[in-house]
Amino acid sequence: MSEAEAMDHAETVVRRSGSSFFWAMRMLPEEKRRAMFAVYAFCREVDDIADEPGEEAGKRFRLAQWRGEIERLYGGQPRFPVAVALARAVARFDLSKSDFRAVIDGMEMDAADTLRIDDMDMLNLYCDRVACAVGRLSNRVFGIDGETAERLAFSLGQALQLTNILRDLREDAERDRLYLPIDVLRAHGIDHTEPNAVLAHGAVGGVCELLAGVARNRFDEAAAMLAECDRRKVRPAVMMKEVYSRVLHRLSDRGWQPVGGRVRLSPLSKLWIVLRHGVI
């Protein structure tokens, strides 16, 4: 597959994902836009492997194939269409192999038939793999370097992933996934580890609010760092922060008991964010 065909394939993956941030990425300069499409398409492909129905062994096999493909990518011989699309971005923006491998590590955690998070250290590791690593890749494309890039990836990545966890509690429980750390549950008097039993417990609201407080602090840290960056470079990151911080606010306003389904922003709200932070 030619590079042009691979890039078209990556953009198609992004379009089909229905991501709220497609238009944010579209507003980047061409070279950065192509790179972000390729990075997002990679994340989408490995995430779909972890989330789709199927046996754990089959998912792990396919993720192992991607692990091998990352090695081929950095050896100059990519085969998968998305990896071919990534080759130029890796060379142009010096993207780190370790971050791609971290994302795959995170997807392997999600691929398990049953998932439990033992403690906050394990939750931090999970967030680093599935969100902060993506932030580190994105910041390289945006042109943010050094300590600021690391700190921004950490703060915004944690904020986004904790919001995802709190938003998807009910859906994850149906798939035998529980991302609320067991040590925090026990500290709140919850001895259950079966997801639906945890969500039905009267003290679960305190656990959720604790994690929401961490997420709010991380959003505040990210906002302060983004304010110091060149606005033109970080528009997609600003838009992600705006969308997810509003989702977290709505979740907190709704309350945690009983734990409800997903909270979504209306298309009009998303359009306003695009116009306010993506164009103006």
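By the beta-carbon count within 10 Å of each Cβ, the least crowded to most crowded order of 253, 176, fewest first, is 253, 176.
Only DSSP H runs of four or more residues enter the estimate; each adds -39500 (n - 2.57), and after division by the residues of the chain the mean residue ellipticity at 222 nm equals -22500 deg cm²/dmol.
Rounded to the nearest 10 degrees, the inclination of helix 235-254 to the longest alpha-carbon principal axis of the chain is 10 degrees. Please list, by residue number, everything in the range 124-140 whose backbone N is under 19 Å from a paramagnetic label point 7 Å out along Cα→Cβ of residue 183. So the set is 124-129. Listed values for the range 186-202 are Karplus-derived 3J(HN,Hα) couplings in whole Hz (6.51 cos²θ - 1.76 cosθ + 1.60, θ = phi - 60°), namely 5, 5, 9, x, 9, 9, 6, 10, 6, x, 5, 5, 4, 5, 8, 6, x, and x replaces Gly and Pro.
Between residue 223 and residue 192, the simple label model (points 7 Å from Cα in the Cβ direction) yields a spacing of 3.5 nm. As a calculated quantity, the FRET efficiency between residue 1 and residue 91 at R0 = 22 Å, using C-beta atoms, amounts to about 0.80. Distance between the pseudo-spin-label points of residue 120 and residue 147 (7 Å out from Cα toward the beta carbon): 2.3 nm. At the listed q of 0.11, 0.14 Å⁻¹, the Debye profile of the chain, built from one uniform point per Cα, gives log10 I(q)/I(0) equal to -0.64, -1.05. Computed from Cα atoms, the angle from the helix 56-74 axis to the main principal axis of the chain rounds to 30 degrees.
Each Lys and Arg contributes +1 and each Asp and Glu -1, all at the Cβ; summed about the Cα centre of the range 114-280, the dipole is approximately 940 debye. Counting lysine pairs in the chain that sit 8 or more residues apart in sequence, or on different chains, and whose Cα atoms lie under 30 Å apart gives 10. Using C-alpha pairs below 8 Å separated by at least 6 residues, the relative contact order for the range 1-113 is 34 percent. Here the dipole of the chain is about 1200 debye; that uses its Cα centre as origin and unit charges on the Cβ of Lys and Arg (positive) and Asp and Glu (negative). The P(r) of the range 1-93 has a tail past 16 Å containing 55 percent of all C-alpha pairs. This model, with +1 at the C-beta of Lys and Arg and -1 at the C-beta of Asp and Glu, gives the range 1-113 a dipole about its Cα centre of some 460 debye.
Bear in mind these aren't lab numbers, they're just calculated from the coordinates by the rules spelled out. Being a predicted model, the structure only gives us computed values, none of them experimental. Neighbour counts are summed over all protein chains in view; Cβ atoms, including those assigned to glycine, are modelled from backbone coordinates with ideal geometry.
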